[in-house]
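S.K.: One structure, as structure tokens, below. Some questions next.
Every number in this text was worked out from the coordinates using simple rules, so none of it is lab data. Treat the numbers as computed from the prediction; the structure is a model and nothing was measured. A quick note on method: Cβ atoms are made from the backbone with ideal geometry, for glycine too, and the neighbour counts reach across all protein chains shown.
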Amino acid sequence: MNIPAQTMGSPPANVTGVILAGGLARRMGAGVDKALLPLAGRPLLAHVLERLAPQVERVVISANGDPERFAAFGLPILADQRADAQGPLAGLEAALATIKTHWILSVAVDLPFLPNDLAAKLGDPLQRRHTDEVVVATSASQCHYVVALWPRSVLPALTAALTRGQRSLHEWFRHHPHRTVPFSPTGHAPDPFFNINCPTDLQVAEALYREQAAADASLTGFTCYRGAS
């Protein structure tokens, strides 16, 4: 059940950010680690971390494989508790089973333009209604199920779904109440949930990044000029 919500306010306290970086990235080519792909000279993970970290108490990375590849970021690495790379549901299960904060804010590692008010907007309906529902981000009438605020109370439901062989986030949300919060681009920014699935997407992201940087620089210069007059 999808319940739209209007939002404005501040994020709930006691939130851990979880960057889901365990995808196989098949469309990027064999052996490619999407988290470490360069965008504007920095790994995708660095862009996501830069936007997420100021909004939460702490950040962890959900990923399988050798954790040393992320050593430079100095963050805890959570591996799935299940074998065979069962997708984001398994990453969320491991996070909810391990992290002690009441809420986790999940995002994917291929979303370099995440909004800076993501936690505040997703958390507002929870503060006003004092519920334990999952809150999901939307843009352009599309639900981004991987970008959501999750209470620890949903852990049994996630575990039950995985035990039944269910791996799809979309399918899980079909059967569990949740709220949605709409986001839209601001200023010269691209869609806040533009995601990078293939080499062409990475090229588009490079162009979007340059356009946004140029627009921001132009706006800053204009503001300084007006302020000095």
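S.K.: Mean separation of Cα pairs under 8 Å and 6+ residues apart, divided by the residue count of the range 2-228: what relative contact order is that in percent? Intermediate results must be reported in sequence, preceding the final value.
M.R.: Working: 391 pairs, mean separation 58.2, N = 227.
The normalised contact order for the range 2-228 reaches 26 percent.
S.K.: What distance in nm separates the simple spin-label points at Glu57 and Thr186, each placed 7 Å from Cα in the Cβ direction?
M.R.: Output for this residue pair reads 2.5 nm.
S.K.: Could you list Ser168, Ser141 in order of exposure, starting from the residue whose Cβ has the fewest other Cβ atoms within 10 Å?
M.R.: So the ranking, lowest neighbour count to highest, is Ser141, Ser168.
S.K.: Here's another thing I want to ask about it. Given the peptides 189-197, 75-83, arrange them by the average over their residues of other C-beta atoms within 10 Å, most packed first. Present the calculation step by step, with values, prior to reporting the outcome.
M.R.: Numbers: 189-197: 18.4, 75-83: 16.8.
Peptide ranking by packing, descending: 189-197, 75-83.
S.K.: Non-local amide H neighbours of Gln81 (under 5 Å, H modeled in plane, Pro and chain starts lacking H): which ones?
M.R.: Ala94
S.K.: What is the distance, in nm, between label points placed 7 Å from the Cα along the Cα-to-Cβ direction at Leu155 and at Phe73?
M.R.: Roughly 2.3 nm, to one decimal.
S.K.: Same structure, new question: Stretch Glu50-Thr98 to full length: gain in nm at 0.36 nm per residue minus the Cα-Cα span?
M.R.: On the way: separation 48, 0.36 × 48 = 17.28 nm, distance 2.33 nm.
Taking 0.36 nm per residue and subtracting the Cα distance, the gain is 15.0 nm.
S.K.: Compare the peptides 145-151, 93-99 by average per-residue count of other Cβ atoms within 10 angstrom and give them in order, highest first.
M.R.: Working: 145-151: 23.3, 93-99: 20.3.
The most tightly packed comes first, giving 145-151, 93-99.
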